[in-house]
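**Q** Would you mind keeping the following structure in view while I ask a few things?
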Amino acid sequence: MKRKWILKGVFLGSVFFISILLIKPIGISTQFSVASGMIQTVFQDDIIFREGTEFYSLIDYYNQDGIAKSIVTPYNYGIIFVVGVFLGGMLGRIFFRKKEEFIEKESLLEKDKISRVKLFLGGVLLLFGARMAGGCTSGHMMSGIMQLSVSSIIFTIVLFPIAVIIAKRIGE
């Protein structure tokens, strides 16, 4: 019997536990708001201001979750996490993916006539929804449940069966 998933689960749980213990819960969607704020400050430099050690914004959205501070000081745990996810995905594709698997996945895109533009737009909508919900799936399903957050438990109860149905549908 293959039980490699148990080791992977223990590893992932340990990473999340250490993250919560030492820094903060894992989540990634807030960093995209930080990135958009950084871009906005290039064109409009007076949206973030400082009072003592606190940072505030004229835009109420940036006053949530410490986004205003992260826009001014972007080199933080969250940005490192985003870059790490991107680099990890690239390195995984380069070093651990067999050519046959890649060709098979490409044919799935062609078979279902899903364009890369549609995939990108779907990702944008998913990210927009994640910000509206106050966090992404890793933030809600993993970190939120570890903290016994009621909203995260409800989110997971609703999302998980839907994800299983969609995964089965795609696998057909």
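**Q** When segment 10-24 is examined, which residues are found to be at pLDDT below 85 and either of a type in the set (G, A, S) or farther than 19 Å from F81 by Cα (or both)?
**A** G13, S19
**Q** Which members of segment 3-31 meet the condition of being open to solvent by less than 100 Å² (accessible area, probe 1.4 Å), under 20 Å from I67 (Cα atoms) and not small (G, A, S)?
**A** Going through segment 3-31, the residues open to solvent by less than 100 Å² (accessible area, probe 1.4 Å) turn out to be 6, 9-10, 12-16, 18-20, 24-31.
Remaining after also requiring under 20 Å from I67 (Cα atoms): 19-20, 24-31.
Those that are open to solvent by less than 100 Å² (accessible area, probe 1.4 Å), under 20 Å from I67 (Cα atoms) and not small (G, A, S): I20, K24, P25, I26, I28, T30, Q31.
**Q** Which of (1) in a helix (DSSP H, G or I); (2) at pLDDT 80 or above; (3) exposed (fewer than 13 other Cβ atoms within 10 Å of the Cβ) does L159 not meet, given it meets every other one?
**A** Of (1) in a helix (DSSP H, G or I); (2) at pLDDT 80 or above; (3) exposed (fewer than 13 other Cβ atoms within 10 Å of the Cβ), only one is false for L159: (3).
**Q** Filtering segment 100-118 down to residues that are of a type in the set (A, V, I, L, M) and either open to solvent by less than 100 Å² (accessible area, probe 1.4 Å) or at positive phi (or both), which residue is modelled with the lowest pLDDT? First the steps, then the outcome.
**A** Here is the first cut: in segment 100-118, the residues of a type in the set (A, V, I, L, M) are 103, 108-109, 114, 117.
Narrowing the set further to residues that are either open to solvent by less than 100 Å² (accessible area, probe 1.4 Å) or at positive phi (or both) leaves 108-109, 114, 117.
On the way: L108: 53, L109: 57, I114: 67, V117: 76.
Applying the filter and picking the extreme gives L108.
Rundown of residues vs (1) under 18 Å from the mean Cα position of the chain (by Cα); (2) at positive phi; (3) in contact (Cβ under 8 Å) with a residue 12 or more places away in the chain, yes/no style:
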position	(1), (2), (3)
F16	yes, no, yes
P25	yes, no, yes
G37	yes, no, yes
T41	no, no, yes
D45	no, no, no
G52	no, yes, no
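**Q** A further question on this structure: Give the residues of segment 4-31 that are of a type in the set (F, W, Y) and in contact with a helix residue (DSSP H, G or I) (Cβ under 6 Å, 6 or more places away or on another chain), sorted by residue number.
**A** F16
**Q** If you go through segment 119-140, how many residues are in a helix (DSSP H, G or I), over 11 Å from the mean Cα position of the chain (by Cα) and surrounded by 12 or more Cβ atoms within 10 Å (Cβ to Cβ)?
**A** Count: 1.
The values are calculated or read from the model by the stated rules, or taken from the named source; none is laboratory data. Since the model is a prediction, treat every value here as computed from it, not as a measurement. Neighbour counts run over all protein chains shown; Cβ positions are idealised from the backbone, glycine included. Accessible surface is based on the protein model in full, side chains and every heavy atom, while ligands, DNA and RNA are left aside. Shrake-Rupley method; radii C 1.70, N 1.55, O 1.52, S 1.80 Å.
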